[in-house]
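Peer 1: Below is the structure I would like to discuss, written out as structure tokens.
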Amino acid sequence: MGTTRRQFMKQTGSLALGAAGMGALGTRAVFGAGGGGTPGKPTVVVLYLRGGSDPLSALIPYGDRTYYNLRPTIGVPGPNGENRRSGVIALNDYFGFHPSMMGLARLYKKGLMAPIVNAGSTHPTRSHFDAQDFMERAAPGVKSVTEGWLNRYLYMTKTGDDSVLRAVSFQPVLPRSLRGQYPALAVPEKDAQASASVFAGLYGCDDAKATVKLQAEPGSKKVAVGGQEDKVTGRERIIQAGAQGIARLGRLNEVLGAKKYKPATKYPKTRLGGQFRDIAKLIKADAGLEVAAIDYNGWDHHAMQGASYGVFGEMMGNVSNTIEAFVEDLGPKIDQTVVLTMSEFGRTARENGNSGSDHGHGGYMLAVGGPINGGRFYGKWTGLSSRSLYEGRDMPVHTDFRDVFAEILAGLYGFQADDHQFFPEYDANDKPMGLIKV
């Protein structure tokens, strides 16, 4: 790969980058010209449930009476209640899904979905900002690391033939996990064409036009500005970034604007549904998409969280229905695709006085896709007694989120992340969970 992991961490561990990719754009072109990508390359879609999603509302231990003692108003009724549609979707005699998760339950029963209990960060912070940074940079407590774990992977495995759409996020701001030296595309899902026009206007000078033209030429591997290669000023670096933005957005519009395309199923008419629909279209077009990341905000439910119905159920229903539609839409392509959900921390085991829950510690993750060994729970469950809870109030962390990241990268891409180099201050799990099919 050219650069060793140790060299990479030394070079970039304390480097703060303003715009994604600006550090790399100044020295080399990182895209091949065509942007067609390699058909059949695996894709991981990372969905961040931003705000601290409640594990005990998603993965419900209905077989433990303590759950209902801790949650008298927001506990979801068991599966044998009067109205079965408002009760837990039982998966075994102890655990079940929230009633809004019927789509994910169907995928679970097909062996395409796996929940991971008591997963999260080893750092004790209950600050949204710190916890999100630590998780998305895969470096709990290490504030000198400023690049996302997905960006690090992309940078360390880049080639001269990378697709211009190798890493995409359909939102205005890149998620933290995609920020870093490797250029990734962030664009509002409904405004790609408008954004391309704005970029073209901002960077429409002769130098920028020449750069765009050069990038469009087959076999192009370097960016030339003003007749010079690699020796660029700050102004030229900005021009290069803008020019590459135009090229990426142009290719995106070309794929998404293809006529006669219809999804194989109906998606929820939500922002999240539209984002996953567009991701599916890129995957099915063999556009070279390898990593996609999306934020879904609003999971900080301190009040009126709801039990069977309410704000949590509405949001989780959106996630469940969207992912099920995504799987159905992809068809055979789901065999090379993984969706991974995560949140910065869980919430208190006991409900608060506002029929909600407060910032906690251990959370959960959901893994979906053909490569997933689904139809079973992963992680270590130790119950809800006060002595089993972290600091007597929160779910504990028994599965480091980096264990999951490492298995995804190894299982999908064959990328072996050295524990202390790719993941600073991390001791790899000696016994892999077996989340990915061998």
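FYI, it's all coordinate maths here, none of it is from the lab. Please read these numbers as outputs of a predicted model, since none were measured by experiment. Reconstructed Cβ throughout: ideal geometry from the backbone, glycine too, with neighbour counts over all protein chains shown.
Peer 1: Set Lys and Arg Cβ to +1 and Asp and Glu Cβ to -1, take the dipole of segment 65-191 about its Cα centre, and tell me which of Thr125, Leu70, Ser163 lies farthest positive.
Peer 2: Checking the options against the dipole of segment 65-191, the answer is Leu70.
Peer 1: If you don't mind, there's one more thing I want to ask. Classify segment 115-155 as rounded, prolate or oblate from the Cα gyration tensor: take a ≥ b ≥ c as the square roots of its eigenvalues, call it rounded if a/c is under 1.5, otherwise prolate when a/b beats b/c and oblate if not.
Peer 2: Values: a/c = 2.48, a/b = 1.28, b/c = 1.94.
Oblate is the answer for segment 115-155, as a/c is 1.5 or above yet b/c matches or exceeds a/b.
Peer 1: What is segment 306-438 by shape, rounded, prolate or oblate, if you read a ≥ b ≥ c off the alpha carbon gyration tensor as root eigenvalues and call it rounded for a/c under 1.5, prolate for a/b larger than b/c, and oblate otherwise?
Peer 2: In terms of gyration-tensor shape, oblate.
Peer 1: I've got another one for you. Over segment 309-417, what is the relative contact order in percent, taking alpha-carbon pairs closer than 8 angstrom and at least six residues apart?
Peer 2: 22 percent
Peer 1: Give the peptides 42-51, 144-153 in descending order of average Cβ contacts within 10 Å, highest first. It would help to have the intermediate numbers written out before the result.
Peer 2: Working: 42-51: 22.8, 144-153: 24.4.
Most protected by this proxy first, the peptides run 144-153, 42-51.
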